[in-house]
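Here is the structure we will look at, set down as structure tokens.
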Amino acid sequence: MNATVRIGWLVNRLRCMSVAEVGYRMRQAAATRMGRRMAGRTAPAPLPRARTLAVQGAPALDQAEIDALLLDADRICAGHVVLFAERRFDVGVPTAWNRDPETGVTGPSIYAGDIAITNRELVGDIKHVWELNRHLHLVRLAQAWTLSGEVRWLHALEQQLRSWLDQCPPLTGPNWTSSLELGIRLINWSLVWQLVGGENSALFAGESGQKLRADWLDSIHAHCRTIARHLSRHSSANNHLIGELSGLYVGASTWPCWKESADWMEQARRELEHEAVAQYSRDGVNREQAFAYHIFSSEFLFVAGLMGQACGQPFPRHYWASLQRALRFLRSVRDVGGNVPAVGDADDGSVFRLDAGGLDRAAQLLALGDTVFGAAVDNHPGVRWLLHALPGARPDCDPHEVDTGWAFPDGGYFLFGNHFGEHSEIKGMLDCGPLGYLGIAAHGHADALALNLSVAGEECLIDPGTYSYWQDQKWRDYFRGTSAHNTVRIDGLDQSTSGGRFMWLRKAEARIERMPSSPNDFDFRGSHDGYTRLSDPVRHMRSVRFDSASNTLTVRDEVSARKQHKVELFWHFAPELDVRLTSHGLSVRGKRFVLQMQASGADLQLELVRGAENPPLGWCSRTYESKRPCEVLRITTVSSAVPVECRFTITFLH
């Protein structure tokens, strides 16, 4: 980031801060400078009271699950580690913990507070460095040990931990630059600790084992202390705060070995109880308006809650009720094929990875909820491992929570369609919620009044996703911008005004004008004020009707202004579909359905765009750091008031 860009970013960031936040940031900057003196210090001598839970052996697994875990452990020992959703990287043997496996850049071993994490020449892509150092893969080695009892897995784990402690001393290097990353690492260290037998583990046998234990506890103390001193506050108090508090709570609960431990645990517990309610709407929607972070934050809350159950210190009913509502929303928006709309930012980040073959974190989270809240059989391997490592009584929760719903007005989402959960399901979702959470709305996208649609479990009208946080600015701007969503753009401008990669300055506010009465007789009307900032203010109004009897969806877009404006309407289609313009409109064919669309309005221009680069249009991203072309229908007109109506008719193939 050059000096001019940096100054511009700082000015924008200050615009998003309250006076109280400015004061807090100044105190944090001072604490960071003072923290340089703490680097290299050893922790106080720990008391011998680390917590070893009653974890015996491994959970029941079938042979295929066992084989997959052991194969993955073998690959990890060879230096080949899965990062993000599914990409495997060569991280070296021994692991080069400060090296970005994507670019090969090795971050400096200097005081963490002096490292500019956005400087790619200095640290590479910091997301890749952090992902490796979450140590999700070290848990795999502990699983292999509990499954087989073969000492080679314990030796491999010892080598991994030893090399990390040597390369990453407290407060030194890129792996000490984020409290969230420290929290995730503590959670996975706790899982490793319990799975290998805790205090009594053979990992700590002999002089070298005792040295490993002592150095590990020194680092654990530094992790807890650093998180407690650098919690995300004010406009940054989103999923980062939940993750930091969860890591601090799990760390202080697993290793209550220092005089500060009780205070750390109590503070983390108290604030987690608050954030579990504050960061979710009354109807269960995570307020970041990003479905991947809905899952991410829920994973954190589950781990902290299960640790409380395992320690005999259960969280209160309202904590678990918030999670129940979050799972109800997730279960509702997920289609019969298991697809979850890619609303808002996503980076494929996981709190834990206990299932060697599982990429479907939504399915895992829902299975965890079914077991914890409904006493269902834990038939998901990741769930089995988590509940095995954190054994405890099931929480006190509300047995009357409804399984699914369709209207989430507080969170800002409505579902339309019919035959939900059946083979012939039609499921659409309309977004009439806020842009994001708190002052910067960091992970929200400019997608007011956008809608998605799936038919028979196939994605049809899609949200194209995120792609990357740190690739060229044009890609970050595109994927979070209005033209990457199924809504209307005016004069080539996004609905909301960006102030940086994770910051929105002026935020479009959506409003419900007419509430629908049911998903299969759906009649909605809403508006947003994103373009009232223009010198000639424009208001966008959208009506959405779904008629279940004819399987017809009608979307009517109106703009009201004094002068004429360029109006663009975008429809993004899943890349697996066959999409063609016809003389009558548009034809879309999936495996089990055909969708016909007709557009009406004045002087409409219809064009299909696929994989355009300058400017970007016609792309989708299913996993972090990957993108592929998809078909986008762009409808363009110049108007001050004439509406555009799109009528979609769905027919099933037999």
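The values are calculated or read from the model by the stated rules, or taken from the named source; none is laboratory data. Fair warning: this is a prediction, and the values are worked out from it, not measured in the lab. Methodologically, a virtual Cβ is constructed for each residue, glycine included, from the backbone with ideal geometry; neighbour enumeration extends over all protein chains shown.
Going residue by residue through segment 432-448, is there one that turns out to be surrounded by 21 or more Cβ atoms within 10 Å (Cβ to Cβ), in a strand (DSSP E or B) and in the same structural domain as Pro516 (by TED's automatic domain parsing)?
no
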*Taking the stated definitions as given, is Val609 out of contact with any Ser or Thr (no Cβ under 8 Å at 6 or more places or on another chain), part of a strand (DSSP E or B) and either assigned by TED's automatic domain parsing to the domain that holds Ala346 or within 24 Å of Pro519 (Cβ to Cβ) (or both)?*
no
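Those residues that are in a helix (DSSP H, G or I), in contact with a Pro (Cβ under 7 Å, 6 or more places away or on another chain) and either farther than 14 Å from Asn239 by Cα or touching a residue at least 60 places away in the same chain (Cβ under 8 Å) (or both), I need them from segment 282-329; list them, please.
Result: Gly305, Gly308, Gln309, Ala310, Trp320.
Within segment 103-134, which residues are in a loop (DSSP other than H, G, I, E, B) and farther than 16 Å from Thr177 by Cα?
Across segment 103-134, the qualifying residues are Thr103, Gly104, Val105.
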*Counted residues, segment 572-600 - those being modelled with pLDDT under 95 and in a loop (DSSP other than H, G, I, E, B)*: 2
_Of all residues making up segment 59-101, the number that are of a type in the set (D, E, K, R), in a loop (DSSP other than H, G, I, E, B) and surrounded by fewer than 19 Cβ atoms within 10 Å (Cβ to Cβ)_ = 2
_Residues located in segment 561-586, provided they are touching a residue at least 60 places away in the same chain (Cβ under 8 Å) and surrounded by 14 or more Cβ atoms within 10 Å (Cβ to Cβ)_ = Ala561, Gln564, His565, Val567, Glu568, Leu569, Phe570, Trp571, His572, Phe573, Ala574, Leu577
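Please find, among Pro516, Pro537, the residue that is buried (at least 18 other Cβ atoms within 10 Å of the Cβ), outside the structural domain of Asn238 (by TED's automatic domain parsing) and modelled with pLDDT of 95 or more.
Answer to the selection: Pro516.
Only one of these is of a type in the set (Lys, Arg), surrounded by fewer than 19 Cβ atoms within 10 Å (Cβ to Cβ) and not assigned by TED's automatic domain parsing to the domain that holds Tyr437: Arg353, Arg394, Arg361. Name it.
After applying the criteria, what remains is Arg394.
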*Does segment 561-571 contain any residue that is of a type outside the set (Gly, Ala, Ser), within 15 Å of Val455 (Cβ to Cβ) and modelled with pLDDT of 95 or more?*
yes
_Considering only segment 296-303, I want to know if a residue exists there that is out of contact with any Cys (no Cβ under 7 Å at 6 or more places or on another chain), crowded, with 24+ Cβ neighbours inside 10 Å and among the hydroxyl-bearing types (Ser, Thr, Tyr)._
yes
*Residues of segment 254-271 being crowded, with 24+ Cβ neighbours inside 10 Å and in contact with a Gly (Cβ under 9 Å, 6 or more places away or on another chain), which ones?*
Thr254, Ala268
_Evaluation of Arg501 against (1) in contact with a helix residue (DSSP H, G or I) (Cβ under 7 Å, 6 or more places away or on another chain); (2) buried (at least 19 other Cβ atoms within 10 Å of the Cβ); (3) free of Cβ contacts under 8 Å to residues at least 40 places away in the same chain (one fails), failing number_ = (2)
